[in-house]
1. Among what's in the stretch 30-45 and is more than 19 Å from the chain's Cα centre (by Cα) and under 12 Å from ALA2 (Cβ atoms), pick the residue that is most open to solvent (accessible area, probe 1.4 Å).
2. Being in contact with a strand residue (DSSP E or B) (Cβ under 6 Å, 6 or more places away or on another chain), in a helix (DSSP H, G or I) and either in the same structural domain as PRO208 (by TED's automatic domain parsing) or open to solvent by less than 80 Å² (accessible area, probe 1.4 Å) (or both) narrows it down to one of VAL116, VAL48, so name that one.
3. I'd like the full set of residues that are open to solvent by 70 Å² or more (accessible area, probe 1.4 Å), free of Cβ contacts under 8 Å to residues at least 40 places away in the same chain and part of a loop (DSSP other than H, G, I, E, B), limited to the stretch 180-223.
4. Of the residues that sit in the stretch 1-31 and are among the aromatic types (Phe, Trp, Tyr) and without any contact (Cβ under 8 Å) to a residue 60 or more places away in the chain, which one is nearest to ILE117 (Cα to Cα)?
5. Kindly evaluate GLY160 against the criterion of being in the same structural domain as GLU105 (by TED's automatic domain parsing), more than 26 Å from TYR76 (Cβ to Cβ), open to solvent by less than 70 Å² (accessible area, probe 1.4 Å) and outside any helix (DSSP H, G or I).
Amino acid sequence: MAKDMTLLWGSGSPPCWRVQIALEEKNLQGYNQKLLSFEKGEHKSKEVMDMNPRGQLPAFKHKTYVLNESCAACIYLETQFKSQGNQLIPDCPAEQAQMYQRIFESLTLNQKMADVIYYTWKVPEAERHDSAVKRNRETLSAELKLWEGYLQASGSFLAGKNFSLADVTVYPSIAYVFRFGLCEERYPKLAAYYNSLKSRPSIKTTWPRTWLETQGSDMLKDL
């Protein structure tokens, strides 16, 4: 089944990592894959554009079906291969509702992360506005405190007593903020969640290669 799948991905990208984790959880190893470089602009190559005209990664295809939105791809993999690998959608309606809520809230988390991290990367220092930097950092801090509260209430996982699609989609973003120096003492529930899932096989196996080879950043250490 996995031989009918193709994943074009970039290392260190939370959306790409989501799909990789989902594939591992569903025992769909052996899929066609290609690691591309954001730094070299390979996400704008014809190969990617033919699959994803937005020129973004991941680009994912199963048979003739293309799903380039990472959350959509993860939901698709669970529903199409429900009886294979680990169950990622809870049976309990309350847990299902919470799972879907957290999946789509992860998009807001990602945007607020990007507003801080990519503003520094993409906007030349002379063109940055201190007020924008301050506002974006305060907004991200408030967002992370919201997730800290979610974990305070839910425990080890984001939607019930078992690992679910909520964790598949959110964990890469939580790992990303710690990669950028988020203080574990200031966000103890997020830190416990981050550290407790590091050794989960699907996460450990797909841990971004670039993170193993390079140092992280301290951009968020004072957040």
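The values are calculated or read from the model by the stated rules, or taken from the named source; none is laboratory data. Just so it is clear, the structure is predicted and the values come from calculations on it, not from any experiment. Neighbour counts are summed over all protein chains in view; Cβ atoms, including those assigned to glycine, are modelled from backbone coordinates with ideal geometry. Side chains are part of the model used for accessible areas, which takes the heavy atoms of the whole protein and leaves out ligands, DNA and RNA. Shrake-Rupley method; radii C 1.70, N 1.55, O 1.52, S 1.80 Å.
1. Among those residues, the one meeting the criterion is ASN32.
2. VAL48
3. GLU184, GLU185, ARG186, LYS198, SER199, THR214, GLN215, ASP218, ASP222
4. Checked the stretch 1-31; the qualifying residue nearest to ILE117 (Cα to Cα) is TRP9.
5. No, not satisfied.
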